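The values are calculated or read from the model by the stated rules, or taken from the named source; none is laboratory data. Please read these numbers as outputs of a predicted model, since none were measured by experiment. With ideal geometry, Cβ positions are generated from the backbone for all residues, glycine too; neighbour counts draw on all protein chains shown. In case anyone asks, the SASA skips ligands and DNA or RNA and just uses the protein heavy atoms, side chains included. Shrake-Rupley method; radii C 1.70, N 1.55, O 1.52, S 1.80 Å.
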Amino acid sequence: MSTTSQAKAERLRQSKGQQKIACLTAYDYPTARLLDEAGIDLLLVGDSLGMVVLGYPDTTHVTMQHMLHHVAAVARGNTNALVVGDLPIHSYDSPAEALENAQLLVDAGADAVKLEGGVRQAEKVKAIVDAGIPVFGHMGMLPQRVLEEGGYKKKGKSEAEYEAILEGCRALENAGVFAIVLESVVPATAQRLTEQLSVPTIGIGCGDNTCDGEVAVITDLVGGYPWFVPPFAKPQANISSDIAQAAVRYKGQV
Ligand code: KIV
């Protein structure tokens, strides 16, 4: 792992309380290049690519081969941002497997890796961090568990749920993560977690200004996947309509 990757992750960790962290997903070279040139801090090659790029119903179909292909493309388009590659489901079932696959993502061009879950992942996070690879945690709604949970549910609604998420976040913090995604955590709980933790929280679906930064799926931001738009999405463009109109005009010209 290069010292540059570690320095970039450390810079983001230290920005807690100083500066908000802007993160977006990216899955290909041109998008990565555009987002990096726009000054986005962190490009997440999320396993959401399974849905918004590969057409699967959820992230449980994503493999290491998919991730390596897309991490390499994003890394080619990036200069400054921290590139994080998601470890897909069943690629980190033991500390040794987690480290082996984290190293493969790094070899493909990732600066850091992300995995889902708290207490039960702490040993794996530590193995990866001890090898010099920065790790991004992910708590709250865990999309890789969507089938067991029977859908995408809001988290942190009760005091007991807050305590359980906090315990998981603390385990990740102690294992050495540089930041933690909070997904679909109710705003008041996300805010409490942000206040309690020493590492930055990066929110998605947690309300406005409850976390140290935000992450959005790029297709939600640019209107690139019109068939499903999460209720918390704040589209800033409508590229699906632009593409459809361009195709109709092109057909008319042919
Ligand atoms: O896969 C992904 O894009 C993610 C974000 C939703 C945080 O994990």
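Name the pairs: first residue in segment 157-173 and of a type in the set (Phe, Trp, Tyr), second residue not in a helix (DSSP H, G or I), Cβ to Cβ under 6 Å, at least 6 apart or on different chains?
Listed pairs, sorted by first residue: Tyr162/Gly156.
Here is a check on your reading of the model: is Val113 among the β-branched types (Val, Ile, Thr), modelled with pLDDT of 95 or more, open to solvent by 10 Å² or more (accessible area, probe 1.4 Å) and not in a loop (DSSP other than H, G, I, E, B)? Step through it out loud before you land on a result.
On the way: among the β-branched types (Val, Ile, Thr): yes; modelled with pLDDT of 95 or more: yes; open to solvent by 10 Å² or more (accessible area, probe 1.4 Å): no; not in a loop (DSSP other than H, G, I, E, B): yes.
Criteria not met by Val113.
Of all residues being surrounded by 23 or more Cβ atoms within 10 Å (Cβ to Cβ) and not hydroxyl-bearing (Ser, Thr, Tyr) in segment 179-196, which is farthest from the ligand (Cβ to nearest atom)? Just the residue, please.
Leu193
Taking interchain pairs and intrachain pairs at least six residues apart, which have beta carbon atoms under 7 angstrom, with the first residue in segment 80-94 and at negative phi and the second polar (S, T, N, Q) and open to solvent by 10 Å² or more (accessible area, probe 1.4 Å)?
Pairs found: Leu87/Asn101; Pro88/Thr63; Ile89/Thr60; Ile89/Gln144; Ser91/Asn101; Tyr92/Asn101.
Condition check: touching a residue at least 60 places away in the same chain (Cβ under 8 Å) and more than 18 Å from the chain's Cα centre (by Cα). Does Thr4 satisfy that?
On the way: touching a residue at least 60 places away in the same chain (Cβ under 8 Å): yes; more than 18 Å from the chain's Cα centre (by Cα): yes.
Considered against the rule, which asks whether it is touching a residue at least 60 places away in the same chain (Cβ under 8 Å) and more than 18 Å from the chain's Cα centre (by Cα), Thr4 comes out as yes.
Applying the selection to segment 57-90, what residues are under 16 Å from the mean Cα position of the chain (by Cα) and closer than 19 Å to Gly118 by Cα?
Thr59, Thr60, Val84, Gly85, Asp86, Leu87, Pro88, Ile89
Of all residues in segment 138-153, which are in contact (Cβ under 8 Å) with a residue 60 or more places away in the chain and either more than 20 Å from Pro57 (Cα to Cα) or outside any loop (DSSP other than H, G, I, E, B) (or both)?
Across segment 138-153, the qualifying residues are Gly140, Pro143, Gln144, Val146, Leu147.
Considering only segment 20-78, state which residues are of a type in the set (S, T, N, Q), assigned to a loop (DSSP other than H, G, I, E, B) and touching a residue at least 60 places away in the same chain (Cβ under 8 Å). Can you show your working first?
Keep residues of segment 20-78 that are of a type in the set (S, T, N, Q), which gives 25, 31, 48, 59-60, 63, 65, 78.
Now drop any that are not assigned to a loop (DSSP other than H, G, I, E, B), which leaves 48, 63, 78.
Within segment 20-78, Ser48 is the sole residue that qualifies.
Just checking, how many residues over segment 14-40 are buried (at least 17 other Cβ atoms within 10 Å of the Cβ) and closer than 20 Å to Pro200 by Cβ?
Residues that pass the stated criteria total 10.
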